[in-house]
Each structure stands twice: as C-alpha cells, then as structure tokens.
Amino acid sequence: MRGTLGNLTTQAQALQAEVERAEQELGRLEVGGRAGGKAVVVRMRGKHGLRAVTIDPAALADRELLEVLLLSACNDAARQVAAATQSRLSGGSAAASQFPS
C-alpha cells in the first residue's frame with residue numbers, strides 16, 4: 001500500500017509540474033486574429049489580453065462594418081487561444097488518465 005501511495009504522489013507531482021509548464025507557455029503565447037482579409041488584425045496573449053489592434057485605413061470609412069470586423073478579429077484570436085490551451089493542457093489529461101480508478 002505504501003508503494004502505491006508513493007507512486008500516486010509522484011504522479012500527482014508530475015502532473016502538477018506539467019500543468020504549471022503549460023500555464024507558463026500560455027502566458028508567453030501570442031496569436032493573431034484577422035477579419036476582412038487583413039482589414040482588422042488583433043494580437044492576443046494566451047491569457048486573453050489584447051496586445052495590439054491594427055486597422056486598415058480603408059476600414060475606417062464604415063463604422064458599423066468596422067465594429068463587426070473588430071468583433072470578428074477578437075473572436076478569431078480567442079478561438080486560437082482556446083485551441084492552443086486545449087492542445088497544451090490535453091497532455092495533462094493524458095497524465096491524469098494514468099491514475100488508477
């Protein structure tokens with residue numbers, strides 16, 4: 001029993017270290033969301049903070065269109081962050097599956 005408990009503790013520590021590494025990677029991650037071709041481009045960090053917004057001057061002519069493009073670019077970046085998060089943390093779920101039921 002003692003060996004099993006020690007093994008579980010070791011696996012839990014390894015999983016925690018893996019999750020911490022993934023969180024650090026996501027903190028450094030930066031993705032680009034685009035809309036209207038490249039009319040609006042946003043840069044978003046892995047923690048969903050916006051870093052930069054670039055707007056093509058031609059997109060400034062139509063305020064309503066610009067609002068839609070901004071939303072679309074932000075949503076595109078957020079989807080990329082979510083996909084990257086899922087990808088990095090799925091390694092953790094593989095380690096979690098090693099725990100006995």
Scope the stretch 51-86; condition closer than 30 Å to residue 18 by Cβ, in contact with a helix residue (DSSP H, G or I) (Cβ under 8 Å, 6 or more places away or on another chain) and either modelled with pLDDT of 95 or more or not aliphatic (A, V, I, L, M) (or both); matching residues: 85
Among the residues of the stretch 51-66, write down those that are surrounded by fewer than 16 Cβ atoms within 10 Å (Cβ to Cβ), within 28 Å of the chain's Cα centre (by Cα) and closer than 12 Å to residue 36 by Cβ. 54, 56, 65
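The values are calculated or read from the model by the stated rules, or taken from the named source; none is laboratory data. On a predicted model such as this, the values are computed, not experimentally measured, just so you know. Because the Cβ atoms are built from the backbone with ideal geometry, glycine has one as well, and the counts that use them run over all protein chains shown.
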